[in-house]
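J.: Here's a structure for you.
The values are calculated or read from the model by the stated rules, or taken from the named source; none is laboratory data. Predicted, not measured: the structure shown is a model, and the values here were computed from it. Note that we place each Cβ from the backbone using ideal geometry, even for glycine, and neighbour counts take in every protein chain shown. Note: areas computed on protein heavy atoms with side chains; ligands, DNA, RNA excluded. Shrake-Rupley method; radii C 1.70, N 1.55, O 1.52, S 1.80 Å.
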Amino acid sequence: MALILLVEDDRYITAALVRALGDAGHVVRPVGQAGAALKILTEDQPDLVILDLGLPDIDGADALRMMRQVSAVPVIVATARRSEQNIITLLEAGADDYVTKPFSAGHILARISAVLRRARTAPEATPSVITVGGLEISPRQRQVILDGAPLQLTRREFDVLTYLAERVGEVVSRRELLAEVWDQARVGEEQTIDVHISWLRRKLGETAAAPRYLHTVRGVGVMMVVPK
């Protein structure tokens, strides 16, 4: 069971989701405006947020950025915006996953289960600090230090970086990252991995042409190495 903050202004969609999520054993706090959602987010600390983008008071993408300033709660964005650039913008703003409207109750419940499963990974199963060259990754605090300076990463960027750092010297396929980090194996979604690797490279101060930590193995995947 999870406490889910549902931010949706369509009363028909809200009613259907409240019923489906309640039947699945979750407790739902529905609100129709971003302002009310931000207040609940800071006061009640929900386990997960489902965020519609078409809100009447604040654009959902802006609301997502505001949420990320005060909380690391997992956020699933519900959107009718299907363009690749819109999806990339949402992921970069801090969304953990997304569903495109219309979607079924089974679909959103599967996404919720996957996101919660990742968020609830036992901290005892991870080391306190992972060191790779000048990188220091603290999984429990979800912090990254590069050459003595903190790095600001999105939740997904952090998860990808940590997964690769735990496997230094191993080639990790995009399909494996989708399955293990996203907990999904959707055919055609491998480009999502490329986008996140590109963002990580930029923040690590490297490029695909001049890599330091993240080396692409053409046709196979990506490998983290200790810089020389």
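J.: Would you mind checking the tilt of helix 60-70 against the longest principal axis of the Cα atoms of the chain, expressed as 0 to 90 degrees and rounded to 10?
T.: That helix lies at roughly 70 degrees to the long axis.
J.: Could you derive backbone 3J(HN,Hα) for segment 213-218 from the dihedral phi with the Karplus parameters 6.51, -1.76 and 1.60 (θ = phi - 60°), listing whole Hz in sequence and x where the residue is Gly or Pro?
T.: 9, 9, 10, 7, 9, 3
J.: Cross-link partners among lysines for Lys203, C-alpha distance below 30 Å, same-chain residues fewer than 8 apart left out?
T.: Lys228
J.: Turning to a different aspect of this structure: Please determine, in degrees from 0 to 90 and to the nearest 10, the orientation of helix 155-165 with respect to the longest principal axis defined by the Cα atoms of the chain, where the helix direction is its Cα long axis.
T.: Its long axis makes an angle of about 30 degrees.
J.: Pull out the extension gain between Gln143 and Gln85, defined as 0.36 nm times the separation in residues minus the alpha carbon to alpha carbon distance; nm, one decimal.
T.: Using 0.36 nm per residue and subtracting the Cα-Cα distance, I get 18.1 nm.
J.: Considering only protein heavy atoms and a 1.4 Å probe, what is the carbon-and-sulfur percentage of the accessible area of segment 1-90?
T.: Ligands and nucleic acids excluded, carbon and sulfur give 51 percent.
J.: How big is the Rg/Rh ratio for the chain, C-alpha atoms only, Rh by Kirkwood, two decimals?
T.: Rg/Rh for the chain comes to 0.98.
J.: Using Cα atoms only, what is the angle between the long axis of helix 84-93 and the major principal axis of the chain, expressed in degrees (0 to 90) to the nearest 10?
T.: 80
J.: Could I ask something else about it? Before I look further, what does segment 25-106 give for accessible area per residue, probe 1.4 Å, in whole square angstrom?
T.: 43
J.: Calculate the radius of gyration of the Cα atoms of segment 22-155 to one decimal place, then report Dmax, the largest Cα-Cα distance, as a whole number, both in Å.
T.: Taking only Cα atoms of segment 22-155, I get Rg and Dmax of 16.3, 49 Å.
J.: Quick one: if you stick a label point 7 Å off each Cα along the C-beta vector at Gln152 and Ile40, how many nm between them?
T.: 2.8
J.: Right, next: Taking 0.36 nm per residue of sequence separation and subtracting the Cα-Cα distance, how much length would be gained by fully extending the chain between Gln191 and Asp59, in nm to one decimal?
T.: Roughly 44.9 nm would be gained on extension.
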